[in-house]
Each structure stands twice: as structure tokens, then as C-alpha cells.
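Below: the structure, in C-alpha cells.
The values are calculated or read from the model by the stated rules, or taken from the named source; none is laboratory data. On a predicted model such as this, the values are computed, not experimentally measured, just so you know. Positions of Cβ are backbone-derived with ideal geometry, glycine not excepted, and every protein chain shown enters the neighbour counts. Note: accessible area is taken over every heavy atom of the protein model, side chains too, but ligands, DNA and RNA are not part of it. Shrake-Rupley method; radii C 1.70, N 1.55, O 1.52, S 1.80 Å.
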Amino acid sequence: RESDDPRLGCAAMSARSVVVTAIATATMLTLACFAAPAATTATSSTSGGGALAFDDLKTGEIYTVNPDGTAFRQLTHDAPTVVSFLPSWSPDGQRIVFGRSVNGHDQLYTMAANGTDRRLVRAELPQLSDDDAQYFPDGKRLIFSRCRPQGAGCRLGVMRTDGTHLRFVTAARHEVYD
């Protein structure tokens, strides 16, 4: 099968990937590997409807595809210096939370399932990086990791999807990294 997007590389799950079912993971990897031969790192998650959302660090973009390989779609269209990564579906399948790195500053964004309506969750200082967000089952809160540069450690935070009511549930640990 020819690639729907020539920039998309062969996906391999990263250590930071979200937990998805074994079937969805195997399907995504198989589809991505048949789509193009170049190696890259990717992560994925599934929506309530079964669609996979995944990143491709070669292109720095986020994509969706159905498990059967249909409806391949690029959701982000960032500048070459911007990387969008670690997408995770909301429980109702209507939104995706993801990380976006600009000049090494990682922040969390959400977007509609079709890639529109991109919103910054919470603006933070450049020395803080927010990554690895997941929705709570109620869809109203996010859990994420906040890291400081140069090995200063990471901690887990919880906030509402609009960025309010931030609290940390772990202390920063120097041996814990994003």
C-alpha cells in the first residue's frame, strides 16, 4: 500500500506512549509500517469510535486513521520547527489533548477530533514543560507530567481541561524524567 502522506514514517511505540489495547497498537503499527519504510517514533491512542490518533516525530505532526486503514488524516499542520506529539483522546472521542513543542518549550493543547479548534490548555513559563496528558474517565480533567529542564525532575499534575484548578499529586523527583 502506498503512503497517504509521503512524510509519514514507519511507527515504533515510544516508552512514553499511552496505554492502548494490544489489538489497536498492533493495528496502528502494522498500518504505519506498510504506509512508509522510514523509521521514526510514534505514539497512539484510540477514540471511543475506534479511530487511532498518533504522532510521527519525523514530521512533527499528529494523524488519525481507522483501524482498517481507512480515513487517514493529518490533524496538525505545524511549521518545521514545531513538533506536536503524544495525542490522547477524550473519553467521548470529541477532543484530543496533545503536547506541542516550540523552541523546546512543551505545552499542552486540545483540539477537536477533526483537527480544528486548537486551544492552549494553560500558558506556562518557558522553563516548564507539560507533557504526557491523559483525560480522566469523566473527560473534565487531565493528568500530565510537568518537568523542569536540565534534569531538575518531573511531577504529576491534575487540572481541568480549561487549565484551571491545577494541583500536583507528586513531588518533583530528580530521578523521574519525562
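General remarks:
- Restricting attention to the range 137-174, the residues that are open to solvent by less than 50 Å² (accessible area, probe 1.4 Å) and aromatic (F, W, Y) total 1.
- Any hit, the range 35-47, residues being in a loop (DSSP other than H, G, I, E, B), at pLDDT 95 or above, of a type outside the set (A, V, I, L, M, F, W, C) and touching a Lys or Arg at 6+ places or on another chain (Cβ under 9 Å): no
- Breaking point among (1) loosely packed, with under 12 Cβ neighbours inside 10 Å; (2) at pLDDT 90 or above; (3) among the aliphatic types (A, V, I, L, M); (4) farther than 27 Å from D56 by Cβ, for A123: (4)
- Test: I96 is surrounded by 13 or more Cβ atoms within 10 Å (Cβ to Cβ) and touching a Pro at 6+ places or on another chain (Cβ under 7 Å): yes
- Residues of the range 71-93 that are among the β-branched types (V, I, T), part of a loop (DSSP other than H, G, I, E, B) and open to solvent by 10 Å² or more (accessible area, probe 1.4 Å): T81 alone.
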